[in-house]
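Data block below; observations after.
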Amino acid sequence: MKSFIVALDLTSGAEALAMVDRLGEQANYHKVGSQLFTREGPGLVSELKDRGRKVFLDLKYHDIPNTAARAVEAAAELGVDMLTLHAAGGTAMMAAARDAVGDDGPLLVGVTLLTSFNAADVEDVWDKEIRSIREEVGRLAGLAADAGLDGVVASALEVEALKRKHGSEFIVVTPGIRLEGEPVADQARTATPAEAIRAGADYLVVGRSVYAAADPTAAFKRLLADVGPDGEVEAAP
């Protein structure tokens, strides 16, 4: 069964915990990003763990190898289940992070290209022409694999190619999930839950589709319904 991760991109810990309680046991995996972690700190992560929830700490570490290693070591001590580093930080940084948490620590995934990026954005950042977003995502995913990371964050549009190259055990976390007809807001590479799972995504990160909805519980149920009662849809041919 594939896992939905509900992003708690809210303005306070009280709001976040209220959302967790409102969604109940149907949503047991939550993302804590930079906005909420900066406001509330490690205490919120501890509270979520005390409530039996899994935590995806999405702080996208990107620093010199020693600093990144000490940061992920600290995150592992909080008991988080998965965390992110920028693959653009390089193989040495990611390998240092891998060594810091060992085999018993949280899942480490490398952020390839943000799902808000299109080709023009990437060319602006790297100051070079790229042949395709998919190829650039693949290149960064290769660095993450070489460093021993468990997987990467990538849009649904790149998942199938990543799975073909790195195998089914290479985890792909997919943000930019929207139901058909929903506004994409600042996302450039989006997909429905069913499309992401057909492509082979392992974790689907959902945010505004749930927490900004008039009825978050009903909204989350609609996302679940898109992939069927068992959380699976027919694989892509």
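Of the residues making up the stretch 165-204, those that are modelled with pLDDT under 90 and of a type in the set (S, T, N, Q) are Gln187, Thr190, Thr192. With the structure loaded, tell me whether Val101 is within 19 Å of Phe170 (Cα to Cα), within 19 Å of the chain's Cα centre (by Cα) and among the β-branched types (Val, Ile, Thr) or whether it fails that test. Spelling it out, Val101 is indeed within 19 Å of Phe170 (Cα to Cα), within 19 Å of the chain's Cα centre (by Cα) and among the β-branched types (Val, Ile, Thr).
For first residues located in the stretch 8-25 and over 17 Å from Ala219 (Cα atoms), partners that are among the acidic types (Asp, Glu) and at pLDDT 95 or above and lie 6+ apart or on another chain with Cβ distances below 7 Å form the pairs Gly13/Glu40; Leu17/Glu47.
Being within 28 Å of Ser132 (Cβ to Cβ) and either buried (at least 19 other Cβ atoms within 10 Å of the Cβ) or of a type outside the set (Asp, Glu) (or both) is a description that applies to Met93. In summary, Lys31 fulfils each of the numbered conditions (1) of a type outside the set (Asp, Glu); (2) over 21 Å from Arg222 (Cβ atoms); (3) surrounded by 16 or more Cβ atoms within 10 Å (Cβ to Cβ); (4) within 16 Å of the chain's Cα centre (by Cα) with the single exception of condition (2).
What do you reckon, is Val122 under 19 Å from Ala76 (Cβ atoms), not small (Gly, Ala, Ser) and not in a loop (DSSP other than H, G, I, E, B)? Criteria not met by Val122. Number of residues in the stretch 96-108 that are among the charged types (D, E, K, R) and surrounded by 23 or more Cβ atoms within 10 Å (Cβ to Cβ): the value is 0. Annotation note: of Ala88, Ala97, Ala119, the sole residue that is modelled with pLDDT under 75 and among the small types (Gly, Ala, Ser) is Ala119.
The values are calculated or read from the model by the stated rules, or taken from the named source; none is laboratory data. Bear in mind the structure is a predicted one, so any value in this text is a computation, not a measurement. So basically every Cβ, Gly included, is an ideal-geometry build from the backbone, and we count neighbours across all protein chains shown.
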